[in-house]
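S.K.: Take this structure first; my questions come after.
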Amino acid sequence: MNCIQAILTIDTENLPENFQEIIKHEQEVVAKWKEEGILEHLFLRQTKNGAVLIFKDIDEVKVKELMKTLPLYPLKKNIEYFALIKQF
């Protein structure tokens with residue numbers, strides 16, 4: 001199975017007042033992706049400045065499109081993408 005890892009880093013220096021509301025919407029989007037079967041894992045970073053998302057069975061172009069729809073996307077400092085091959 002091919003996977004795409006997206007590492008999102010947000011700008012924690014400039015969080016908006018409605019940050020908690022944004023987080024709630026973010027969780028809804030991620031839950032939908034899990035339900036659809038395109039998001040395999042979500043890991044929050046210990047530094048609380050982002051997350052690591054593992055997508056499955058979609059290509060990097062589609063992952064980049066999806067990432068742009070995240071409520072946290074406008075707060076991004078950086079996003080890195082890595083193509084992975086899951087070893088069984």
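The values are calculated or read from the model by the stated rules, or taken from the named source; none is laboratory data. Since the model is a prediction, treat every value here as computed from it, not as a measurement. Please note: Cβ atoms are built from the backbone with ideal geometry, for glycine as well, and neighbour counts cover all protein chains shown. When the accessible area is computed, the model is the full protein with side chains, heavy atoms only, and any ligands, DNA or RNA have been set aside. Shrake-Rupley method; radii C 1.70, N 1.55, O 1.52, S 1.80 Å.
S.K.: Any chance region 21-40 includes a residue that's basic (Lys, Arg) and touching a strand residue (DSSP E or B) at 6+ places or on another chain (Cβ under 7 Å)?
M.R.: First, pick out the residues of region 21-40 that are basic (Lys, Arg): 24, 32, 34.
Remaining after also requiring touching a strand residue (DSSP E or B) at 6+ places or on another chain (Cβ under 7 Å): none.
No, that holds for no residue.
S.K.: Here's a follow-up. Residues in region 14-24 that are open to solvent by 60 Å² or more (accessible area, probe 1.4 Å) and assigned to a helix (DSSP H, G or I): how many?
M.R.: If we filter region 14-24 for residues that are open to solvent by 60 Å² or more (accessible area, probe 1.4 Å), which is where we start, we get 14-15, 17-18, 20-21, 24.
Subsequent filtering for residues that are assigned to a helix (DSSP H, G or I) retains 14, 20-21, 24.
The qualifying residues number 4.
S.K.: I'd like to check something: does region 47-56 contain any residue that is out of contact with any helix residue (DSSP H, G or I) (no Cβ under 6 Å at 6 or more places or on another chain) and among the aromatic types (Phe, Trp, Tyr)?
M.R.: There is no residue in region 47-56 that is out of contact with any helix residue (DSSP H, G or I) (no Cβ under 6 Å at 6 or more places or on another chain) and among the aromatic types (Phe, Trp, Tyr).
S.K.: Within region 42-88, which residues are under 19 Å from Thr12 (Cα atoms), of a type in the set (A, V, I, L, M) and either in a helix (DSSP H, G or I) or in contact (Cβ under 8 Å) with a residue 60 or more places away in the chain (or both)?
M.R.: Within region 42-88, Met67, Leu70, Leu72, Leu75, Ile79 qualify.
S.K.: Still on this structure, please answer the following. Just the residues that are surrounded by 13 or more Cβ atoms within 10 Å (Cβ to Cβ) and of a type in the set (A, V, I, L, M), please, taken from region 1-10. So that I can check it myself, show each step before the final result.
M.R.: Taking region 1-10 and keeping what is surrounded by 13 or more Cβ atoms within 10 Å (Cβ to Cβ), we get 2-10.
Hits for region 1-10 are Ile4, Ala6, Ile7, Leu8, Ile10.
S.K.: (1) part of a strand (DSSP E or B); (2) touching a residue at least 24 places away in the same chain (Cβ under 8 Å): which one isn't true of Val29, the others all being true?
M.R.: (1)
Residue by residue, here is whether (1) at pLDDT below 95; (2) open to solvent by 30 Å² or more (accessible area, probe 1.4 Å) holds:
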{"site": "Thr12", "(1), (2)": "yes, yes"}
{"site": "Glu26", "(1), (2)": "no, no"}
{"site": "Val30", "(1), (2)": "no, no"}
{"site": "Leu42", "(1), (2)": "no, yes"}
{"site": "Thr47", "(1), (2)": "yes, yes"}
{"site": "Leu53", "(1), (2)": "no, no"}
{"site": "Val61", "(1), (2)": "no, yes"}
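S.K.: Now for a separate question. Only one of Leu8, Leu70, Leu66 is modelled with pLDDT of 95 or more and touching a strand residue (DSSP E or B) at 6+ places or on another chain (Cβ under 7 Å). Can you tell me which? Steps first, please.
M.R.: Details: Leu70 fails: touching a strand residue (DSSP E or B) at 6+ places or on another chain (Cβ under 7 Å); Leu66 fails: touching a strand residue (DSSP E or B) at 6+ places or on another chain (Cβ under 7 Å).
After applying the criteria, what remains is Leu8.
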